[in-house]
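The structure appears right after this line, and notes come after that.
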Amino acid sequence: MLQLIKATLQDISDIQNIAQITWRHAYLDIIPPQQLEFMLEYLYNDNQLSEQMSNEVHYHIIIDGEEKMGFIAFEKQKDASVKIHKIYILPTFQGLGLGKLLIDRAIKFAQDLELNKVTLNVNRQNKAVNFYEYLGFKIAYAQDVAIPNGYFMYDYVMEKNL
């Protein structure tokens, strides 16, 4: 039975596992291998994830029985919006509507708080741009984000008004 559960610190290794698999699938042809490995360690280390979970970033995992299929992370922003920081579905479960279920959870969170917008960043070359547009997100602008070790993330910032 499909369920969407709030992740806890005990779920960090599952989140890391999903990220490892999906990043290599989604970004292998987009991000150089050294940068990909650096970013996985930088964004998904135990300290980073536990700090985010302790500071108002809401992680939710989609499961079917014992199978953990994907996750989303989002938080309320000061500008009356909700920012989706991460959303990943294992490649074997993509195309089944799970991404929409996860995004709907972030939208419901925003609506419950009477917020008017959901935003996310997505790599400009990521085919997920089309998925987000299908769900009603619009490209607001391009953004180049510097991260440590001289790397950049070349993203679109996408928005969906509620």
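Assorted remarks:
- Test for M158: is it closer than 23 Å to E56 by Cβ, modelled with pLDDT under 95 and under 18 Å from the mean Cα position of the chain (by Cα): no
- Across region 83-119, the number of residues qualifying as closer than 17 Å to H58 by Cα and in contact with a helix residue (DSSP H, G or I) (Cβ under 7 Å, 6 or more places away or on another chain) comes to 6.
- Some residue of region 106-117 being part of a strand (DSSP E or B) and surrounded by fewer than 19 Cβ atoms within 10 Å (Cβ to Cβ): yes
- Region 15-58, residues that are in a helix (DSSP H, G or I), among the acidic types (D, E) and closer than 24 Å to K76 by Cα: D46, E51
- Within region 46-82, the set of residues being out of contact with any helix residue (DSSP H, G or I) (no Cβ under 6 Å at 6 or more places or on another chain), under 17 Å from Q16 (Cα atoms) and in contact (Cβ under 8 Å) with a residue 60 or more places away in the chain comprises I63 only.
- Region 59-95: number of residues that are in contact with a strand residue (DSSP E or B) (Cβ under 8 Å, 6 or more places away or on another chain), over 22 Å from A140 (Cα atoms) and not in a helix (DSSP H, G or I): 12
- Residue match in region 49-60 (condition: of a type in the set (V, I, T) and surrounded by 19 or more Cβ atoms within 10 Å (Cβ to Cβ)): no
- Identity of the residue in region 1-14, aliphatic (A, V, I, L, M) and not in a helix (DSSP H, G or I), that ends up surrounded by the fewest Cβ atoms within 10 Å (Cβ to Cβ): M1
- Test: G99 is at pLDDT below 95, outside any strand (DSSP E or B) and either of a type in the set (G, A, S) or more than 27 Å from Y42 (Cα to Cα) (or both): no
- I30 modelled with pLDDT of 95 or more and within 17 Å of M158 (Cβ to Cβ): no
The values are calculated or read from the model by the stated rules, or taken from the named source; none is laboratory data. Quick caveat: nothing in here was measured; it's all calculated off a predicted structure. Heads up, the Cβs are rebuilt from the backbone with ideal geometry, glycines too, and the neighbour counts pull from every protein chain shown.
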